[in-house]
């Protein structure tokens, strides 16, 4: 976690719940407030309800319109995130988003996303 807070180049925030620490970088995508999840740290694999609780806290505390996360197929959280409502794009970079209001819970596939690993962490 030191790399996010010792010499921050961006606005990083932490959401804590039980033994889960979520680190997000605040920014804008498509002109909308976004929280990019940089890390989800845990000592024990969280449940779907725990992840939903963290997402709810993230929404209330950080106030993004949506948040995004990149995780590999082998990431232990991927099936839990999928059951929690994350939308996983059909791409090789394993990018997913979570809409936080009715306007962003529309059909994510209809949005013309331009995502590349090199540009994902830039605004």
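Gyration tensor over the Cα atoms of the range 1-54: the corresponding equivalent ellipsoid has semi-axes (square roots of 5 times the eigenvalues, largest first) of 22, 16, 7 Å.
From the square roots a ≥ b ≥ c of the eigenvalues of the alpha-carbon gyration tensor of the range 4-88, which class results: rounded (a/c under 1.5), prolate (a/b over b/c), or oblate?
Working: a/c = 1.55, a/b = 1.32, b/c = 1.17.
Note, shape of the range 4-88 comes out prolate.
Laboratory data are not the source of any read-out in this text; all were calculated from the coordinates shown. Please read these numbers as outputs of a predicted model, since none were measured by experiment.
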